[in-house]
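The values are calculated or read from the model by the stated rules, or taken from the named source; none is laboratory data. Everything quoted here is computed from the prediction, not taken from an experiment. Side chains are part of the model used for accessible areas, which takes the heavy atoms of the whole protein and leaves out ligands, DNA and RNA. Shrake-Rupley method; radii C 1.70, N 1.55, O 1.52, S 1.80 Å.
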Amino acid sequence: MNRFALGTVAIAALALTATGCKAGVHVGAGGAASATPATARPIAGTTAATTAGTTPGGSGAGGTGTSPVAGHPSGGVGGSGGTGTVITRCHSAGLHAVVTGYNAGAGSRFAKLLFTNVSGHSCKVRGWPGLGLGTGSEGFGGSVSRQGSPTSFVIPPGGHAYTLLRWSAVPAADESGGPTCEGVPTVLQVIPPDETVPLVAPWSGGPACQHNRLETTPLTAGPGA
């Protein structure tokens with residue numbers, strides 16, 4: 001099993017650049033929603049590596065139109081509702097991340113990564129989050145495949161955004177069989193689009209076979225189904 005040491009400097013360097021291509025990143029996370037932000041700390045001594053040149057906190061280039069939340073157009077009126085107020089992007093400190101809705105079927109596992117805006121003001125987001133499975137002391141190597149095209153939208157105070165996660169329960173040819181095809185993660189490190197500071201949420205989805213490979217969709221407005 002490939003392991004890597006997750007470090008703050010490397011996380012910042014990788015997360016600052018956004019790309020619009022499908023790619024590899026890291027995935028994981030879990031737990032129930034909370035009114036307070038997840039702890040913004042990297043997994044001890046690690047660096048979120050990526051594949052295919054993608055970045056952990058990538059925002060997408062491309063995508064069509066906007067998906068306003070609660071009547072707020074992207075880049076329009078926001079904050080306390082004053083006309084002409086500029087809505088800035090969502091920052092890690094103002095978001096809470098949690099993985100919920102675990103499900104399974106046909107050799108695959110599914111979950112929803114849910115963000116809640118706990119900043120007290122509207123903020124704008126676009127793209128895919130950076131993701132990394134691991135434990136409280138180490139990160140696991142792996143990759144993330146980004147699916148779909150991102151759109152820009154506004155999350156009002158207390159509002160939500162989500163992305164869907166998928167991973168395999170079927171070991172690759174060079175992995176051991178059974179439930180421990182890879183190391184069993186206990187946390188998911190999450191970096192919001194265009195950010196460098198990670199959020200850490202509990203993960204109860206078990207190991208991700210195919211060498212910790214996960215698939216994720218772009219962030220979408222609302223709490224999801």
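Would you rank S143, S176 by solvent-accessible area, highest first, keeping every protein chain in place and using a 1.4 Å probe?
Descending accessible area places them as S176, S143.
Report the full-extension gain for the segment H91 to E175: residue separation times 0.36 nm, less the Cα-Cα distance, to one decimal in nm.
Contour length minus Cα-Cα distance gives 26.5 nm.
For segment 92-223, what is the accessible area per residue in Å², given a 1.4 Å probe and the full set of protein chains?
With the other protein chains kept in place, segment 92-223 gives 32 Å² per residue.
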